[in-house]
Amino acid sequence: MTLNPQIQYVTVLPQVVQLHILNAFFIIALFPFTRLVHLVTFPITYLWRPYQVVIWNRRQRTSKL
């Protein structure tokens, strides 16, 4: 089994549909590099996880007035 794209089926489609197909390929290509990939691996904990956790390492100074 080899990849044998039949481009003649896509060339007869309207430009809007061709753009839709191109955008779908673009989103599929970017999917592994986004946080959405975690939906595939850990879908339940992903829903309640905070987007970014900030941990401050330095102490706040008290003002000497």
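The values are calculated or read from the model by the stated rules, or taken from the named source; none is laboratory data. These numbers come from a predicted model, not from an experiment. Cβ sites come from the backbone with ideal geometry, for glycine too, and all protein chains shown count toward neighbours.
If you go through the stretch 1-20 and keep only what is touching a helix residue (DSSP H, G or I) at 6+ places or on another chain (Cβ under 7 Å) and of a type in the set (A, V, I, L, M, F, W, C), you end up with just Val10.
Condition check ((1) modelled with pLDDT of 85 or more; (2) in a helix (DSSP H, G or I)) across all residues:
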site: Leu13; (1), (2): yes, no
site: Phe25; (1), (2): yes, yes
site: His38; (1), (2): no, yes
site: Thr45; (1), (2): no, yes
site: Trp48; (1), (2): no, no
site: Val54; (1), (2): no, no
site: Arg58; (1), (2): no, no
